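Colleague: Structure incoming, see below.
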Amino acid sequence: MDIRKNLLKVVTGMVIFFMVVCYSAESKPVIQVAILLDTSSSMEGLINQARAYIWKMVNEFAKASKNGETPELQVALFEYGNNNLSAEEGWVRLIVPFTTDIDRIAEELFALTTNGGTECCGYVIKEAVEKLQWNKTNDDYKVIFIAGNEPFTQGYIDYKESCKNAIKKGIIVNTIYCDDYHTGVTSGWKDGADIADGVYSCIDQNKSIVSIKTPYDERIAKFGQELNSTYIAYGKQGSSGKKRQEKLEIIAEKNSKEGFLSRQVAKTSVHYNNTDWDLVDAYNQHNVEIEKLNKEELPVEMRNMSIKEQRTYIESISKQREEIKKKINEMGIQREKYIAEEMARISGDTDTFDKVLIKTIKTQAEKKHFTFN
């Protein structure tokens, strides 16, 4: 009898343990953002703004928390309305499914080209709702941002049905019309947002990207370079991952100063994660076992080290990284305050892609009990 009682206690304890583990995994807050961009021939301005400001969005999410926990940020990217795309597929392309790899999103944004075309908003919303792996819980913040400048009614898929299906799954649809407010209202953009509990906004896609010089810019750029030197490429994806990071640094700097500096701050965020190719991230997040790596998978400078020496080396680089991140963060906060004060003095300021995104995200995510520090 005692054996049965003890066995029952053990089994009960195991069940409770696994229930707690499963609950903890499922309860981690998640933010899913699908960005749907019109890449027809008239939309170069929109794409440039998205390229410059993607890092500002990441920096905003770095301030978010729910129940004291930092959410996981997943971003997906679609393009639509480009004549280079398949007519049979509604001139729509899923570029990147939900990913936590923001460098991948940035890389694809810089690769976009414009051409054509026929902009089928109803179709691309339908594709985003059906093809992406949306979380089933309604506790997470799940949102679509669709931006363009042609009537929302184009195409044989009714946008009303697509928007209804989205909100049924707890997916908010926000619409961004790249022209005047009234035309967006009469052409269906506001109606689409209203149906799916979203926000309708209009922006000037051709507005120049504002770049305000601050006393912190040069130091942020300098420490950003130092931060890059702390990444240790390893494994099959090591070389390509490191090269992609270096390539994006160059492209971002050429594209806009604002985007480049925002990227440096974003690299200090928990949302900038490179566990698949960087040994420091992989080690700190327990994604790799050092002793199981082949010598060929390690960087040259680590191949003749003992396991203990390898651990010490990684931990030393990790400490350097955290110190650099702290410096960038401190200057990033000061830079943000400086820019806010300067922007407040600029008259006639109009909405841009980043402003609409950030303002809408904060308002809607707070309704899902996310807070922004």
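Colleague: All but one of (1) more than 23 Å from Lys359 (Cα to Cα); (2) crowded, with 24+ Cβ neighbours inside 10 Å hold for Leu112, so report the exception by its number.
Modeller: It is condition (2) that Leu112 fails.
Colleague: Hey, can you tell me all the residues within the stretch 167-194 that are over 17 Å from Glu130 (Cβ atoms), touching a residue at least 24 places away in the same chain (Cβ under 8 Å) and open to solvent by 40 Å² or more (accessible area, probe 1.4 Å)?
Modeller: Asp179, Asp191
Colleague: Also: Tally time: how many residues in the stretch 215-248 are over 19 Å from Asp278 (Cα atoms) and surrounded by fewer than 19 Cβ atoms within 10 Å (Cβ to Cβ)?
Modeller: In the first step, residues of the stretch 215-248 are kept if they are over 19 Å from Asp278 (Cα atoms); the result is 215-222.
If we keep only those that are surrounded by fewer than 19 Cβ atoms within 10 Å (Cβ to Cβ) too, we end up with 215, 218-219, 221-222.
Here the count works out to 5.
Colleague: Name every residue in the stretch 3-57 that is at pLDDT below 50 and among the small types (Gly, Ala, Ser), in order of residue number.
Modeller: Those that are at pLDDT below 50 and among the small types (Gly, Ala, Ser): Ser24, Ala25.
Colleague: Within the stretch 285-329, can you find the residues that are farther than 30 Å from Ala221 by Cβ, touching a residue at least 40 places away in the same chain (Cβ under 8 Å) and in a helix (DSSP H, G or I)?
Modeller: Glu297, the sole residue that qualifies.
Colleague: Looking at Ile328, Ile307, Ile251, which one is in contact with a helix residue (DSSP H, G or I) (Cβ under 6 Å, 6 or more places away or on another chain), open to solvent by 30 Å² or more (accessible area, probe 1.4 Å), within 29 Å of Phe145 (Cβ to Cβ) and hydrophobic (A, V, I, L, M, F, W, C)? Let's see the steps before the verdict.
Modeller: Values: Ile328 fails: open to solvent by 30 Å² or more (accessible area, probe 1.4 Å); Ile307 fails: within 29 Å of Phe145 (Cβ to Cβ).
One residue alone meets the criteria, Ile251.
Colleague: Keeping to the stretch 331-371, report how many residues are of a type in the set (Phe, Trp, Tyr) and open to solvent by 40 Å² or more (accessible area, probe 1.4 Å). Give the steps one after another, and end with the answer.
Modeller: First, pick out the residues of the stretch 331-371 that are of a type in the set (Phe, Trp, Tyr): 338, 353, 370.
Subset that is open to solvent by 40 Å² or more (accessible area, probe 1.4 Å): 338.
Final tally of qualifying residues: 1.
Colleague: So which of Gly155, Gly117 ends up being under 30 Å from Thr183 (Cα atoms), in contact with a Cys (Cβ under 6 Å, 6 or more places away or on another chain) and open to solvent by 20 Å² or more (accessible area, probe 1.4 Å)? Steps first, answer last, please.
Modeller: Details: Gly117 fails: in contact with a Cys (Cβ under 6 Å, 6 or more places away or on another chain).
Unique residue meeting the criteria: Gly155.
Colleague: Would you check if Ile220 is touching a strand residue (DSSP E or B) at 6+ places or on another chain (Cβ under 9 Å) and among the aliphatic types (A, V, I, L, M)?
Modeller: Values: touching a strand residue (DSSP E or B) at 6+ places or on another chain (Cβ under 9 Å): no; among the aliphatic types (A, V, I, L, M): yes.
Taking the combined requirement at face value, the residue does not satisfy it.
Colleague: Restricting the search to the stretch 106-147, which residues are touching a residue at least 60 places away in the same chain (Cβ under 8 Å) and part of a helix (DSSP H, G or I)?
Modeller: Residues satisfying the conditions are Ala106, Glu107, Leu109, Phe110, Cys121, Val124, Ile125, Ala128.
Colleague: Here's something else I'd like to know. Specify which of the listed residues (Glu60, Glu79) is charged (D, E, K, R), modelled with pLDDT under 90, farther than 18 Å from Lys28 by Cβ and not in a loop (DSSP other than H, G, I, E, B). Steps first, answer last, please.
Modeller: Working: Glu79 fails: modelled with pLDDT under 90.
Result of the check over Glu60, Glu79: Glu60.
Colleague: Further, regarding this structure: Ser65 versus (1) more than 17 Å from Ile35 (Cα to Cα); (2) modelled with pLDDT of 95 or more; (3) not aromatic (Phe, Trp, Tyr): which is the lone unmet condition?
Modeller: It fails just one condition, (2).
Colleague: Okay, moving on. Taking the stretch 94-103 on its own, how many of its residues are in contact with a helix residue (DSSP H, G or I) (Cβ under 8 Å, 6 or more places away or on another chain) and either without any contact (Cβ under 8 Å) to a residue 60 or more places away in the chain or part of a loop (DSSP other than H, G, I, E, B) (or both)? Can you show your working first?
Modeller: Here is the first cut: in the stretch 94-103, the residues in contact with a helix residue (DSSP H, G or I) (Cβ under 8 Å, 6 or more places away or on another chain) are 94-97, 99, 102-103.
From the residues that got through so far, the ones that are either without any contact (Cβ under 8 Å) to a residue 60 or more places away in the chain or part of a loop (DSSP other than H, G, I, E, B) (or both) too are 94-97, 99.
Adding up the residues that qualify gives 5.
Colleague: Please give the number of the condition Leu293 fails out of (1) hydrophobic (A, V, I, L, M, F, W, C); (2) within 30 Å of Val143 (Cβ to Cβ); (3) out of contact with any helix residue (DSSP H, G or I) (no Cβ under 8 Å at 6 or more places or on another chain); (4) surrounded by 12 or more Cβ atoms within 10 Å (Cβ to Cβ).
Modeller: Looking at each condition in turn, Leu293 falls short on (2).
Colleague: Just to be sure before I move on: is Phe98 in contact with a Cys (Cβ under 6 Å, 6 or more places away or on another chain), buried (at least 17 other Cβ atoms within 10 Å of the Cβ) and within 30 Å of Lys368 (Cα to Cα) in the structure I sent? Break it down into steps so the answer makes sense when it comes.
Modeller: Working: in contact with a Cys (Cβ under 6 Å, 6 or more places away or on another chain): no; buried (at least 17 other Cβ atoms within 10 Å of the Cβ): yes; within 30 Å of Lys368 (Cα to Cα): yes.
In short, no.
The values are calculated or read from the model by the stated rules, or taken from the named source; none is laboratory data. Since the structure is predicted, the reported quantities are computational estimates derived from the model, not experimental observations. Cβ atoms come from the backbone with ideal geometry, glycine included; neighbour counts cover every protein chain shown. Side chains included, ligands, DNA and RNA excluded: accessible areas come from the protein's heavy atoms. Shrake-Rupley method; radii C 1.70, N 1.55, O 1.52, S 1.80 Å.
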